[in-house]
Amino acid sequence: METFKLQEGEEYIELNNLMKILNWVASGGEAKSQIDEGLVTVNGEVETRRRKKLRSGDKVEYGSEAAVIA
């Protein structure tokens with residue numbers, strides 16, 4: 001499991017941006033389609049909001065990938 005550290009002063013990162021930054025997807029369009037298809041979970045629940053605000057402590061899973069926000 002990866003740990004994604006928020007930048008100092010940042011309160012959150014949006015789900016689609018996290019997937020791009022962690023190289024889980026090749027593009028923003030791919031992130032959107034994967035989220036829309038219900039392939040991403042946040043804290044164990046399917047998440048379909050592309051711009052879901054992820055905050056410290058949230059756990060994201062996509063296929064065999066997983067990350068926790070710190």
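The values are calculated or read from the model by the stated rules, or taken from the named source; none is laboratory data. Just so we're clear, the structure is a prediction, and the values are computed from it rather than from any experiment. Reconstructed Cβ throughout: ideal geometry from the backbone, glycine too, with neighbour counts over all protein chains shown.
Look at GLU61 and say whether it is at pLDDT 95 or above, of a type in the set (Asp, Glu) and in a strand (DSSP E or B). Taking the combined requirement at face value, the residue satisfies it.
Here is a yes/no grid of residues against (1) within 18 Å of ALA70 (Cβ to Cβ); (2) surrounded by 13 or more Cβ atoms within 10 Å (Cβ to Cβ):
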site	(1), (2)
GLU8	yes, no
ASN16	no, yes
LYS20	no, yes
TRP24	yes, yes
SER27	no, no
ASP36	no, no
GLU45	no, no
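On the stretch given as the stretch 36-46, residues that are in contact with a Leu (Cβ under 9 Å, 6 or more places away or on another chain) and under 11 Å from MET19 (Cβ atoms) total 1. Cβ-Cβ distances below 8 Å connect the following pairs, each with a first residue in the stretch 29-41 that is basic (Lys, Arg), a second residue that is surrounded by 13 or more Cβ atoms within 10 Å (Cβ to Cβ), and a separation of six or more residues or different chains: LYS32/ASN16; LYS32/ARG50.
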